[in-house]
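These notes concern the structure reproduced below.
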Amino acid sequence: MSPPPIPLVDLGAQYRRLKPELDAAVQGVIDSATFIGGPEVQQFEKEFASYLGVSHTVGCANGTDALELALLALQVGHGDEVLVPANTWISTAEAVTNVGATPVFVDVDPQLYTLDLASAARRLTPRTKALIPVHLYGLAAPMDEIMAWAGEHNLFVIEDCAQAHGAEYKGRKVGTFGQVAAFSFFPGKNLGAWGDAGAVVTNQAEIAERVRMLGNHGQLTKHQHQIIGRNSRLDNLQAAILRVKLRHLPDWVAARRAHAARYTELLQETGITLPHTPLGHLHAFHLYVVQVTNRDFVQAQLAHANISTAIHYPRPLPFVPAYQYVGYTAADIPAAAQGADVILSLPMYPELTPELIGRVCLALRKTQSQRATPQRKQAVGQVIPSVANQARG
Ligand SMILES: *Cc1c(COP(=O)(O)O)cnc(C)c1O
C-alpha cells in the first residue's frame with residue numbers, strides 16, 4: 001500500500017481547521033446581500049493596511065491587476081521600460097506589457113532568487129522608468145540597495161509581494177518600501193481567497209485614490225467618471241474570507257518558517273542546495289525551493305513515494321514563447337537560466353507536520369545517496385546512518 005499523498009499545498013486541511021469561522025463569514029455576506037465592494041471590503045482594507053504598517057490598501061480583482069493598476073497609477077506606459085526579474089510568475093512582465101510599456105528582463109541572484117542589481121544596472125537606459133522587485137518564494141529582495149539605486153536613477157519601485165505576505169526586511173514588512181506594492185490573494189498564496197483577489201498598497205494618498213478610481217470605471221462617486229478606468233474590484237465575499245484568514249496569517253508564517261527550519265535541518269550534508277536567508281530577512285516561505293542536479297530522477301522518485309513537487313519556474317520568462325521576441329540567450333541571464341534546470345519546490349503549507357516533512361526528507365536523501373559517489377555516501381552515513389544503510393542495502 002502506498003503511503004498517503006503529501007500535496008504541494010493543502011487548502012482542504014486549512015478549511016477544515018477554520019470551517020466554523022469561514023462558514024459564518026460567508027453566511028454573513030450572503031445574508032447581507034452585498035456582493036461587490038461593501039463593508040467587508042472596507043474592513044479588510046483597513047486591517048491589511050494595519051497588518052503591513054502602510055497607510056492605504058485598495059482591493060482589486062487579482063494580483064495581476066494590482067500590478068497593472070499600480071503601473072497605470074504611476075503613469076508608466078508607452079515608451080517606458082520597466083526592469084523585471086527573469087525568473088518570476090509571468091504576471092510581473094505581463095502587467096508591464098499590458099499597460100503598453102516594455103518589460104526588460106534582468107538576472108536573479110543564484111542563491112536568493114531575487115533581482116540582481118548589477119544585472120539591472122547593465123540594462124538601464126534613458127527610457128527606464130520603473131523597477132519591479134519580486135520577493136520571490138517569500139524572501140524579500142534587498143530593498144535598501146534597490147531603493148538607493150532606484151533613487152539615484154529616478155525610477156519608481158513597484159514591489160511584487162504576491163508570494164511574500166508577512167515577509168520582512170530589516171524589521172519592516174514587504175510592501176512598505178516602494179512607492180507602491182501589489183499583493184495577490186490567489187487561493188494558494190500565503191493569504192488566499194476562495195477565487196481571484198488582489199490589492200494595491202501604498203503610503204501615498206494620491207496613488208491610492210488613483211488606483212481606486214482606475215479599478216472602478218474611473219469614478220470615486222457614482223457616475224462621476226473622471227478618467228477611463230476598468231472593472232477590477234474586490235468582492236465582499238472574498239474580503240470576508242480574507243478577514244478571517246488574515247487573523248491567522250502571523251501563525252501561518254511562523255509555521256512555514258518552522259517547517260523550513262526542519263527541512264533545512266534534515267537535508268544537511270546531502271549535496272542539495274537549500275534556501276539561504278541572509279541576515280536581516282524574515283523569510284515567509286511561500287515556497288521551499290531546493291536545487292538538485294538530478295531533478296527528473298528526484299521528481300519521479302518523490303512522485304513514486306506519493307509526494308508532490310513543482311518547478312517555479314521551468315523556463316525564465318525571456319524563453320517562454322510569448323517573450324521569445326526579446327531575443328535573449330542564456331548568457332544574458334546566466335543565473336536564471338542555470339537555476340531553471342535545478343530548482344525544485346517541496347511541499348510547503350502551514351498544516352504540514354514534522355512527520356510529513358520527515359517523509360519528504362527521507363525520500364529526498366535516498367535520491368541523492370543512490371547516485372552518490374562513495375565519498376558522499378560516507379558523508380550521508382555520518383549524519384543519519386540508517387538512511388545511508390538503507391541506500392546501500
Ligand atoms: C501569483 C503571482 C502574481 C499574480 O497574482 P494573480 O492573483 O494570480 O493574478 C503576480 N506575481 C507573482 C510573483 C505571483 O506569484
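The values are calculated or read from the model by the stated rules, or taken from the named source; none is laboratory data. It should be emphasised that the depicted structure is a prediction, and the values quoted were computed from it without experimental measurement. Reconstructed Cβ throughout: ideal geometry from the backbone, glycine too, with neighbour counts over all protein chains shown. Keep in mind that these areas ignore ligands, DNA and RNA; they rest on the heavy atoms of the full protein, side chains included. Shrake-Rupley method; radii C 1.70, N 1.55, O 1.52, S 1.80 Å.
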Inset, instruction - Under 1.5 on a/c is rounded, so check that first for the chain, then, if it is not, pick prolate when a/b is larger than b/c and oblate when it is not; a ≥ b ≥ c are the square roots of the alpha carbon gyration tensor eigenvalues. - result: oblate
Inset, instruction - Obtain the nm distance between the two label points defined at R127 and E47 by a simple spin-label model: each point lies 7 Å from its Cα along the Cα-to-C-beta direction. - result: 4.5
Inset, instruction - Report the GluC sites (Glu not before Pro) located in region 1-45 that are in a DSSP loop and have at most 12 other Cβ atoms inside 10 Å of their Cβ, or state none. - result: none
Legend entry - Under Karplus coefficients 6.51, -1.76 and 1.60, residue-wise ³J(HN,Hα) of region 122-134 in Hz, glycine/proline x: 5, 9, 5, 9, x, 8, 4, 10, 8, 9, 10, x, 10
Legend entry - Lysine-lysine proximity count for the chain, Cα under 15 Å, sequence distance 8 or more or distinct chains: 4
Inset, instruction - Express in nm, to one decimal, how much length is gained between E351 and I90 on full extension, taking 0.36 nm for each residue of separation and deducting their alpha carbon distance. - result: 91.2 nm
Inset, instruction - Only Lys, Arg, Asp and Glu count, each charged at its Cβ (+1, +1, -1, -1), so figure out the dipole size of the chain about its Cα centre, rounded to 20 debye. - result: 900
Legend entry - the chain - percent of accessible surface contributed by carbon and sulfur, probe 1.4 Å: 53
Legend entry - Two-decimal Rg to Rh for region 1-147 - Kirkwood Rh, Cα set: 1.07
Inset, instruction - Could you grab the relative contact order for region 33-175? Cα pairs under 8 Å, six or more apart, rounded to a whole percent. - result: 20
Legend entry - Ellipticity estimate at 222 nm from DSSP helix runs (n ≥ 4, -39,500 (n - 2.57)) divided over the chain, nearest 500: -12500 deg cm²/dmol
Inset, instruction - May I ask you to give the solvent-accessible area per residue for region 278-338, in square angstrom, as obtained with a 1.4 angstrom probe? - result: 47
Inset, instruction - Pick out, from T221, L237, L249, the residue whose Cα sits farthest towards the positive end of the charge dipole of region 204-259, with +1 on the Cβ of Lys and Arg and -1 on the Cβ of Asp and Glu. - result: L249
Legend entry - the chain - share of DSSP beta bridges that are antiparallel (%, nearest 5): 60
Inset, instruction - Classify region 278-325 as rounded, prolate or oblate from the Cα gyration tensor: take a ≥ b ≥ c as the square roots of its eigenvalues, call it rounded if a/c is under 1.5, otherwise prolate when a/b beats b/c and oblate if not. - result: oblate
Legend entry - Only Lys, Arg (+1) and Asp, Glu (-1) charged, at Cβ; region 1-116 dipole about Cα centre in debye: 420
Legend entry - Added length on full extension, which subtracts the Cα-Cα distance from 0.36 nm per residue, E152 to E269: 37.9 nm
Inset, instruction - Before anything else, pin down the relative contact order of region 310-351: Cα pairs under 8 Å, at least 6 apart, normalised by residue count, whole percent. - result: 53
